[in-house]
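Below is one structure; the comments refer to it alone.
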Amino acid sequence: MKERWKAIASILRKESGLEVIPSYEGWGAGYDPVYIPVLEMWARGELEDIPPIAKVPKGIVFDAREFLKKDDEYTLNAVRHELAYLLNTDLFLWRLGQREFFKFGYPPTSFVVLYSVLESIKTDESIIQAHPSAERILRLQWRERLKAIDSLYPHHRFALAFVEEWLGSSVLPKDLRKAFVDYIKAQNKEAYLILADEIFGKYISALERSKALNQIDLLLEEAKGRVRRDAHRGRIMTDVLKKLPQDMQNLLFSHKDENSESLETRDRERILDYLKSLPEWMREYLRQMSYLDMVERDVRFFSHFLPKTLETDLEHKGFLMFILKPWSNSGSTESTSTSPTQRTLSEKDKRYLKEYGLSEEEFKTFHRILKDVRVYVESFKRKFEKLIPKEEEEWDGAYSSGRRIDFKRLQREVPIKRGLFYKRRETPQDKVLAFKLLIDLSSSMKKENKAENAFKALILFSETLNALGMPFSVSAFNDKVYSLKTFEEEYKNARANIINAFNLLGGGTNLEKVLIEGMDELQLFCKKHNIKGVLIVFSDGEPTKGLKGEALRTLIRELKGKLPVVGIGVGKERNFVEEYFEKSGIRISEISKIPQAFSKVVENYLRRLISV
């Protein structure tokens, strides 16, 4: 099986000149670290032109798991599509189009709906020109994508009409067909102008119909009694629904299990006309909620048409952002860095590695962070050691025979003729707690130096627990989970992973995934060694993927039924740690308060352990 992936990667490497590596951990792409700052400015639309060499990635990683049941030709062309998409797309134009739509009052994601489809078709057309034999497979892959899409609005169907046209079903009017043909033949900037001049106008008409349908769908969802993640939103929609005349309410309740397009045109128009007569504050709330709901629907749609090799995230107000990462020679998008042992090390690096488990450069970074928390490590060690019984022999117990007599117990035991007044030599049971630490590396942690503060807290935790001899494990997370240290791994050997985790900063936040995986690992270790454990999460607590709202709170409550779970929020701005973790959530605003939070958590659970 490995030879198969190597052969496919080799063909694509020769075609593209890029490093192509198979992986079982997901898709990814990496760029020369030298160009990352200018690349990010280009992707954010702050620079229109940058050197062409900066736009070319060093390599890509493809997810081999997706092709285990596919033949080689299918796999080759699927990865070829991703490579071509990555090399040909202009990230400046992605942001430019989103800004234009935002100015028009539409969600930026509605631009991505159309642009992602057209750019993906344009990519495959260029592949077919170079490799005619790829046409059959590429068209097959498009048909598979179409089968996976449902719940479409008019602007979604508008975008997919270009796909049908490309697949051979003539569905476009003559003027759009000509614009489409010109688009897929043009270069990036010329294609964008064709889109703006000849396609946008008709697309916006479809988008307006989608907005109207969406407002009615929100009312139908409310009539259905759907459980909302946002309680405030639910209250507002209840008020809007009750404001409608009774006959309109009855109509919505009778169609509550359907969608807005199931209503007759005149009924939809009546409802929309009445919504315009609502108080201004209520109309504004409805517009905002419709905006957010449209963003969610758009994201579900265009996730089928974005480059898999580029990680994406949604910024505020629905702007799609591409997250650009440096290329790692390790060939896995889930590794934190190239291990020092995989590089050519100097003699100085070898000495540092032997003594500290870090190269010289990594040690300097580690030492810079450690100096801010070093003063607390020894203080906490002394403080917590007082709570942990030392493993020394003592005479204790109540036995019927032995080598020492407990004279206090003798006075009670002789009168009742029981005779349990002997003591024996005993060793107190070692009191040990296992800690599972989770640190948030999502894009939102870049604000207010949250990430740096969280890393300082992580170093403080790790150094103190290591000094106390307490078992601990560390994982980092954004929308993926990265293991930095396992319970069995020596802390010295894991320091490099912890330091280089800074390279993973970015992406979304998936609290659900990391909490479940972290709890599973902690439970398994605690059961194996018959000890207690605590799960601690450093985050700003704003999930963008996985469970949110009440569903996430319910999950955390369930996990607390297994082992203690603590959330520590970092940052001055409001975060949701207290909301999701409730009484076990702690929010801190400054690095100076991290030691107090750490002390409070560890001391609290050590005292509970000793009292058992």
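Values quoted throughout were computed directly from the atomic coordinates according to the rules given, and no laboratory measurement underlies them. All values derive from a computational prediction rather than experimental measurement. Methodologically, a virtual Cβ is constructed for each residue, glycine included, from the backbone with ideal geometry; neighbour enumeration extends over all protein chains shown.
Arranged by the count of other C-beta atoms within 10 angstrom, fewest first, what order do Met445, Met289 take?
On the way: Met445 26, Met289 19.
Exposure proxy ranking, most exposed first: Met289, Met445.
Applying both filters, DSSP loop and at most 10 other Cβ atoms within 10 Å, to the trypsin sites (Lys or Arg not before Pro) of the range 268-307 gives Lys276.
Checking the cross-link pairs Lys6/Lys70; Lys528/Lys562; Lys350/Lys383; Lys364/Lys600; Lys436/Lys456 against a 24 Å limit on the alpha carbon distance flags Lys350/Lys383; Lys364/Lys600 as lying beyond it. Working from Cα pairs under 8 Å separated by at least six residues, relative contact order for the chain is 12 percent. Among the trypsin sites (Lys or Arg not before Pro) in the range 1-90, those located in a DSSP loop and surrounded by at most 11 other Cβ atoms within 10 Å of their own Cβ are Lys69.
Extending 7 Å from the Cα toward the beta-carbon at both Arg553 and Leu410 defines two label points whose distance is 6.3 nm.
Restricting attention to the range 72-149, which chymotrypsin sites (Phe, Trp or Tyr not before Pro) occupy a DSSP loop and are surrounded by at most 14 other Cβ atoms within 10 Å? Please report the intermediate quantities before stating the final value.
Numbers: sites: Tyr74, Tyr85, Phe92, Trp94, Phe101, Phe102, Phe104, Phe111, Tyr115, Trp142; in loops: Phe104.
Filter output for the range 72-149: Phe104.
Calculate, for Arg136 and Lys243, the FRET efficiency according to 1/(1 + (r/R0)^6) with r their C-beta to C-beta distance and R0 60 Å; round to the nearest 0.05. The computed FRET efficiency comes out at 0.60. Legend: calculated FRET efficiency, Arg608 to Asp273, from the Cβ-Cβ distance at R0 = 45 Å, rounded to 0.05, equals 0.10.
What is the fewest-to-most order of Val432, Val377, Val414 by other Cβ atoms lying within 10 Å of their Cβ? If you can, show how the numbers build up before the last one.
Values: Val432 16, Val377 19, Val414 11.
With the fewest neighbours first, Val432, Val377, Val414 line up as Val414, Val432, Val377.
So what is the calculated 222 nm ellipticity per residue for the chain, using -39500 (n - 2.57) for each DSSP H run with n of 4 or more, over all residues, to the nearest 500 deg cm²/dmol?
On the way: 24 runs with 335 residues, N = 612.
The per-residue figure over the chain is -17500 deg cm²/dmol.
Averaging sequence separations of C-alpha pairs under 8 Å and six or more residues apart, then dividing by the length of the range 90-306, give the relative contact order as a whole percent. List each step's numbers first, then the result.
Details: 168 pairs, mean separation 54.4, N = 217.
Computed value for the range 90-306: 25 percent relative contact order.
Look at (i) 96, 65, 48; (ii) 107, 73, 45; (iii) 138, 68, 39: the one that is Cα extents along the principal axes in Å derived from this structure is (ii). Shown is the FRET efficiency for Ile36 and Ser483, computed with R0 = 22 Å from the Cβ-Cβ distance and rounded to the nearest 0.05: 0.35. Amide H contacts of Leu484: Val474, Ser475, Ala476, each under 5 Å away and 5 or more positions distant or on a separate chain (H built 1.01 Å from N in the peptide plane; Pro and chain starts excluded).
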